[in-house]
1. When segment 124-149 is examined, which residues are found to be within 24 Å of the chain's Cα centre (by Cα), among the acidic types (D, E) and at pLDDT below 95?
2. What strands (runs of 3 or more DSSP E), lying completely within segment 1-108, carry at least 1 residues that are of a type in the set (V, I, T) and touching a Cys at 6+ places or on another chain (Cβ under 8 Å)?
3. One residue is enough: does segment 488-510 have a residue meeting the conditions over 21 Å from G384 (Cβ atoms), crowded, with 18+ Cβ neighbours inside 10 Å and not hydroxyl-bearing (S, T, Y)?
4. Under 6 Å between Cβ atoms, which residue pairs at least 6 apart in sequence (or on different chains) link something in segment 247-276 that is among the polar types (S, T, N, Q) with a partner that is at pLDDT 95 or above and crowded, with 18+ Cβ neighbours inside 10 Å?
5. When the residues of segment 151-173 are filtered to those that are among the hydrophobic types (A, V, I, L, M, F, W, C) and under 29 Å from A32 (Cβ atoms), which remaining residue is farthest from the chain's Cα centre (by Cα)?
6. One residue is enough: does segment 457-473 have a residue meeting the conditions surrounded by fewer than 20 Cβ atoms within 10 Å (Cβ to Cβ) and outside any helix (DSSP H, G or I)?
7. Considering only residues of segment 159-210 that are surrounded by 16 or more Cβ atoms within 10 Å (Cβ to Cβ) and among the acidic types (D, E), which is farthest from A502 (Cα to Cα)?
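The values are calculated or read from the model by the stated rules, or taken from the named source; none is laboratory data. Since the model is a prediction, treat every value here as computed from it, not as a measurement. Glycine gets a Cβ as well: all are built from the backbone with ideal geometry, and neighbour counts include every protein chain shown.
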Amino acid sequence: MEKTPQHILIRGVNWIGDAVLTIPAIRSVRRAFPDARICLLVKPWVADIFRENPDIDEIVLYDKSFIGLSGKLRLAKKLRQKKFDVAILLQNAFDAALIAWLARIPRRIGYRRDGRGFLLSQAVPVSDKVLEKHQVYYYLDLLACAGIKPSDPHPYLYLTDGERQRAKDLLSSYFSDTGALLIGINPGATYGSAKRWPPGRFAELIIRIISELGGQVILFGGPSEVEITDEIIREINKLKIQMKIERLGARILIMAGKTSLRELAALIAACDAFITNDSGPMHMASALRVPTAAIFGSTDQTATGPFGEGHQVIAKDIPCAPCMKRECPEGHLKCMMEITTDDVYSALREILPGQRAVFLDKDGTLIEDRNYLNSFDDLHILRGVKTALKRLKEAGFRLIGATNQSGVARGIVDESFVSESNDYLRKELLLDDFYYCPHHPDEKCPCRKPEPLMLLRARLQHRISLKASYVIGDKESDVMLAVKTGATGILLSATPLFEKSAASYISKDLPGAVTWILEREKNRKE
């Protein structure tokens with residue numbers, strides 16, 4: 001952009017799934033203009049997707065009071081008072097460009113669609129190439145055409161500690177076995193019946209999850225989808241009688257029509273895996289880095305499938321799909337009916353997290369803490385670490401490093417050295433992987449401990465069961481990382497603590513922590 005903007009308006013989109021897919025674009029705007037005030041204009045029903053997002057300074061609701069021409073004029077006046085330098089219109093509608101123009105925002109950037117090109121100061125043509133990619137790139141490519149460098153394309157939903165804890169409390173109050181496999185199921189889809197797998201198939205799947213995997217199930221859905229979940233329960237009860245199965249009800253929690261959008265997100269985040277039709281909650285699950293099995297029929301998995309690795313899409317290659325219709329024009333839903341319970345169950349097994357891991361901090365845990373280590377001359381593996389980690393390996397644990405390296409963002413540590421030293425430790429200590437956050441604390445990124453993104457990435461890439469895993473570190477942020485992800489936290493402290501820790505165990509060194517883990521696992525088996 002010619003001049004660095006100080007006040008930026010972003011016009012958001014109107015559907016929950018689409019809103020999730022705009023998050024990387026909003027992050028890109030923040031990275032390009034870290035000091036600007038960024039305001040998001042959105043409809044009320046998607047606003048909660050963006051609550052707690054540190055890249056947004058203000059959310060303005062485009063609610064019912066702004067309906068009609070007089071309402072649009074009032075909204076434009078309200079926006080005009082905020083003195084925006086630029087409006088970035090992620091929504092395609094004519095209405096979005098009209099309001100930005102009425103608000104006299106000098107720079108108005110958006111795709112040339114819906115006959116609104118004359119209202120934009122920079123009307124970007126929609127290329128066939130961008131329509132062939134995942135929808136997340138549709139928004140990022142708009143920014144690229146405006147001279148804004150796209151950042152990480154993976155969406156991420158921020159949750160507060162309180163939201164996570166309330167979800168955990170709800171689940172523990174209902175399910176007696178909090179350590180059991182927890183599968184979220186979203187059987188609805190607002191676009192139309194052509195996107196919905198039959199309730200009877202979901203019922204068969206749920207019975208297999210409970211009887212064959214020992215799992216527990218949460219049934220999700222909006223207020224309009226309560227009838228779908230009711231039908232699933234009726235089908236389950238029929239099958240239960242036929243199969244002579246008892247006590248399924250205690251392993252099924254019905255939350256359809258009972259959650260706000262934020263509560264839904266927190267409960268999805270607590271799941272070990274998520275099964276869903278193509279829907280808004282599908283995009284929420286993948287943004288929360290929950291392993292997702294998505295059932296596709298009439299819609300295009302390339303454009304709107306769950307974004308990122310570690311997920312599975314179940315679809316049949318038939319001539320009429322994807323037709324992009326709300327209702328099946330042939331009346332038989334062939335694209336959905338050909339997807340069997342075995343197909344979805346197999347996809348679930350592919351994504352299920354089953355590996356145990358120990359996540360290890362770097363400085364002060366594996367090696368001596370030299371305060372922004374930047375030389376191999378100062379890299380010294382702590383005494384007893386190699387032997388201790390070998391014991392964990394022999395017990396079947398994956399070993400994964402997870403470290404904050406803000407020295408990179410501060411300009412103190414060379415990022416190439418961080419990568420090289422991590423690779424060295426992987427080889428020396430037989431680690432399976434090493435993750436690091438190079439960002440400054442002020443960036444409020446989701447990968448800096450105690451935020452959970454590094455562990456969530458590891459879950460998807462290595463199929464890690466976080467509930468069966470441990471986090472070891474010498475700071476309370478390591479312990480809080482464990483709390484946020486459901487793992488067990490161990491704090492290393494050579495001196496007595498004068499403040500309370502959330503750690504499950506405090507050890508003077510890593511060998512002591514490993515001994516405690518192995519004894520705990522042994523007692524569990526017995």
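1. Of everything in segment 124-149, just one residue is within 24 Å of the chain's Cα centre (by Cα), among the acidic types (D, E) and at pLDDT below 95, namely E132.
2. Details: elements: 7-11, 37-42, 58-61, 86-89.
Passing ranges, in order: 7-11, 58-61.
3. no
4. T276/N186; T276/M282; T276/A294
5. L159
6. Yes, there is a match, as at least one residue in segment 457-473 is surrounded by fewer than 20 Cβ atoms within 10 Å (Cβ to Cβ) and outside any helix (DSSP H, G or I).
7. Checking each candidate, the answer is E204.
Residue by residue, here is whether (1) over 17 Å from L171 (Cβ atoms); (2) within 25 Å of the chain's Cα centre (by Cα); (3) among the charged types (D, E, K, R); (4) part of a loop (DSSP other than H, G, I, E, B) holds:
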{"residue": "G200", "(1), (2), (3), (4)": "yes, no, no, no"}
{"residue": "I207", "(1), (2), (3), (4)": "yes, no, no, no"}
{"residue": "I232", "(1), (2), (3), (4)": "yes, no, no, no"}
{"residue": "K258", "(1), (2), (3), (4)": "no, yes, yes, yes"}
{"residue": "A294", "(1), (2), (3), (4)": "yes, yes, no, no"}
